[in-house]
Every structure is written in C-alpha cells, then in structure tokens.
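Inspection log for the structure reproduced underneath, given as structure tokens.
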Amino acid sequence: MGKEGFFAKQSELDMEDHLIFEYAFESFVDPEEAAAHLCQEQSTAQWKRVDVDEDLRPRFGAKVIDLKVLETMERSSHPEMGEGEGPAYSCRVKIAHPHANFGPKIPNILTAACGEGAFYCPGISVIKLMDIGFPEPFLEHFEGPKFGVKGLRDMLEVYDRPLFFGVVKPNIGLTPESFTALAYESWMGGLDIAKDDEMLGDVEWSPLSIRSALMGQARRDTERRTGEKKIYLANITDEADRLIELHDMCVKNGVNALMVNVMTVGLSPIRKLRRHTEVPLVAHFDFIAPFTRVPYYGVDSNVIIKLQRMVGFDTIILPGFGSRMKTPDREVLENVEECLKPLGHMKPCLPVPAGSQWAGSTIDIYEKLKTIDFGIVPGRGVFEHPMGPRGGGASLNQAWEAHRNGVSLEEYGETHPELKAAIEAFG
C-alpha cells in the first residue's frame, strides 16, 4: 500500500494548513497499517494514475502524526463489529488532514472525518472521532455566536447569577392561549426565558404564527409590569428551507430568541440562519445521542458542541448532571468547557445542562461548574410547582438568593413559601 506516504512528523508540516482529526479505534491488523488505511481512505485513496509518474500524497494525503497503541488484546472487545481472528489493538491516533481538500464547509469536513473512509476503513472494527483541531486562520471563516454569553446577559440585564429558562409544560397539546397564560405566570414569578419544548413546532393545533404573536405581546406586557427583561424562546425546527421564513415571522411577532434542534435540521443551514438572524440562536440536543452515547463508536459529544458553536449558536442546551440524562459528570464538564473556552475569535456560548431540574438544581450545578455562566432549564420544576408557574419561577430566584446569602435552602424556605413548596415537591 505504500503506507509510509501517510505518515509525517508534525514538525515537517505547516499546521495552519491542516485540521487534526483525533480518533480512538480498535484494529485487527497491524496498527500502523490500519492508521495508514484510515488516512488513505479519507483522502487520496488511489494516489496515482496508472502509467503516470506522480504521487498525490505529499500535497493531498492525510498523514498520521501520532499513533499510540494503548492495549493489545487476544481478540476484539466487540467481535460483532469486526472482522478477522487473533489479536486486536486498542489505539489512539492523530491525523493531519490538509483542509484544502474540503475547505471551510461543515458537510465536507464531516464527510472526511466521519464518512465512508473512516467508518468503513479496512482493518478497523470500531472507531470514534474524539476531536477536531482547527488552526486559528481556518476558524476565521466561521462567525461563531452573534450574541454569546454577554449578549444574552445584556438582553436580560442579568449579570450576577445563572439564567433561568423554563420549558412550558404540558409540552404537547396546549392551545396558544393556554401556553401563553402559563408562560406569562412563570415570567411574573421571575423566570427569565420561557421556551417551547423541543417537540413543539409549527403545528395545526398551535400554529407558530398565533403562538408567537400571543407570546410576543405577553412578553412585552410582563416587561412593563415587572420592569424586568424577558425572553420567549420559540422552536423553529422545521425543514431547512423554512428557517428564514419562520425567523422573520417570529421576530416580527415579538419573539426575541429562537431554538433549533440542530442535528435534525443540520449544522450547515444554521450558518445561513446565523448570518440572517436578528436574535440569539439556541441549540437543542435532539438526535445527538445516537452519535455520541456509545463509548467506543461514533463521535465524541465535544466535537458536536464545538461545531455548534462554530456555526453560530449563542446557547447550547446539552445533557446535564444526574441519572436522567445518562451522561457522566466528566462529559458534562467537558461539554460546558467547550462552550466557554477560547476558540479563535469566537465568543463563548452559554451552556445549559438539562435534565429533571428544580430550584435546588441551580446550586448543585454552580458548585460543579464554579461559574455563573450557565442556564438552568426546568420544566416540571416550574410548571408543576404546587403554587403554579409563578411560584415555580419565584422558587428559582429564591434558591439563588439563599445561596448568595449563605443560607441553606431549608432555612430560607421557612420565610419563602415558594421555595419551601419546591423543596417539598421536588427536593
């Protein structure tokens, strides 16, 4: 195969001309042969024409710059996924891929990183894309968040605490009028952002045109009554060719943030929407688990978080702590860090770890993250609160006040009935 043409020292390459694909894989052939196949399959494949004296590998070939064999096993740990008999090798590899092969285009990048060449590679039984490293000049082609964490805080004029989202429940079946009445009560209680559930789109029994108009008016009414800024986060998940239309209709009706179930719609359409949008964009994590949940196969969740930030999401709702989301704490912390850490010129985006939350969850999340730059997004914790959504919204603020004052939730609840009711119902 001429595998030597697919290996290089990092010092020999201009790294600004390459993306770094990092994989964990298991092979049933010599690891160097497997890694070379991986490079060959996702770049030049056949690297010369018959009877022509040429070699396309130096310019166009992907190249192994680091290969580690972590473990040699008697047989594959996942024989149902593999081929061959005998020993298997657990490996970690970094591949430098010339980005001129595909350009700053998400569909083409992922074709190289996650396509046929990677996941049907000869000699490799299981494989997971663990990271993509982007040189800073390449990142200049991506705008990233338009608003980011600071932009959201400026909209709400909230700078000293986490942001309080709430998913209006029941999530399916409410008329626009009933939905708006619940959201209004939650805002009046102190919720910052009332949102559509990811399942609620533009449907016959709750047309987005009507729901957005009612919610836009209710938001403005709440702001006048409370003196506090509020956000209605409308779900415009739909066919890609409707995103701009739905954006324009919602913004005209007073919607001031929009959510998209990003992997069901696709990353690439979001780049177009981001260039057009007048309001923050929020990503929801539907259809991400099938790529990320299997520990030895697919795509690491950090990769998808990074790509969502690059295409322009200002906020990323992601699986959070606790048993509900079935996600290790380590992974949640890494995903949050991916939202907030430096990434070229791009603004940080707000992480919103989700999953069966209530007022007390805010403190638990803060103690794990050690930052106030996150959102909490309860559903039942606000909308099934015994004192109604107004009580649920109030309980979120009261829990944070207790923390800020160095008082236990139980003690603070003795003089704050909304928090006490939340403790009794959800604690």
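Of all stretches in the chain that contain no chymotrypsin sites (Phe, Trp or Tyr not before Pro) in a DSSP loop with at most 16 other Cβ atoms within 10 Å, the longest one is 297-427. Using only the C-alpha atoms, the convex hull of the range 226-369 corresponds to 135 Å³ per residue. Cross-link reach is defined here as a Cα-Cα straight distance under 20 Å, omitting same-chain residues fewer than 8 places apart; for Lys48 the lysines meeting it are Lys3, Lys63. When the Debye formula is applied to the Cα atoms of the range 338-417, each taken as the same point scatterer, what base-10 log of I(q)/I(0) results at q = 0.25 Å⁻¹? Result of the Debye calculation: -1.20. Of the GluC sites (Glu not before Pro) found in the range 180-228, those that fall in a DSSP loop while having at most 12 other beta-carbon atoms within 10 Å are Glu204.
Of Lys94/Lys326; Lys105/Lys326; Lys105/Lys306; Lys150/Lys272; Lys195/Lys252, which ones are farther than 20 Å apart at the Cα? Intermediate results must be reported in sequence, preceding the final value.
On the way: Lys94/Lys326 29 Å; Lys105/Lys326 32 Å; Lys105/Lys306 14 Å; Lys150/Lys272 22 Å; Lys195/Lys252 17 Å.
Violating the 20 Å limit, Cα to Cα: Lys94/Lys326; Lys105/Lys326; Lys150/Lys272.
With contributions of -39500 (n - 2.57) from each DSSP H run of at least four residues, the per-residue ellipticity at 222 nm computed over the chain stands at -11000 deg cm²/dmol. Diffusion coefficient (Stokes-Einstein, Kirkwood radius over C-alpha pairs, 4 °C, 1.567 mPa s) for the range 175-285: 93 µm²/s, rounded to a whole number.
What's the long-distance tail for the range 34-99, i.e. % of Cα pairs beyond 15 Å?
Working: 1333 of 2145 pairs.
Distances greater than 15 Å cover 62 percent of the Cα pairs.
Across the range 277-339 the C-alpha pair distances fall into 5 Å bins from zero in the proportions 3, 18, 29, 27, 14, 6, 2, 1, 0 percent. The fraction of Cα-Cα pairs per 5 angstrom bin, counted from 0 for the range 80-186, comes to 2, 8, 12, 11, 9, 9, 10, 10, 12, 9, 6, 2, 1, 0 percent, rounded to whole percents. Computed over Cα pairs, the Kirkwood radius of the chain leads via Stokes-Einstein (0.692 mPa s, 37 °C) to a diffusion coefficient of 141 µm² per second.
With a cap of 16 neighbouring Cβ atoms within 10 Å, and only residues DSSP puts in a loop, list the GluC sites (Glu not before Pro) found in the range 269-360. Spell out each step's value before the answer.
Details: sites: Glu278, Glu331, Glu334, Glu337, Glu338; in loops: Glu278.
Passing both the DSSP loop test and the Cβ count: Glu278.
If you find the alpha carbon centre of the range 405-427 and of the range 127-142, how far apart are they in angstrom? Going from one Cα centre to the other spans 45 Å. The GNM of the chain, with springs linking C-alpha atoms under 10 angstrom apart, assigns the highest mean-square fluctuation among Asp286, Asp51, Asp202 to Asp51.
Calculated on C-alpha atoms, the gyration radius of the range 3-139 divided by its Kirkwood radius gives an Rg/Rh of 0.98. Can you list the trypsin sites (Lys or Arg not before Pro) in the range 280-341 that are in a DSSP coil and have 16 or fewer other beta carbons within 10 angstrom? Passing sites in the range 280-341 are Arg293, Lys326.
Each value in this text was obtained by applying a stated rule to the coordinates, not by laboratory testing. Please read all numbers here as calculations on a predicted model, not as lab measurements. Neighbour counts run over all protein chains shown; Cβ positions are idealised from the backbone, glycine included.
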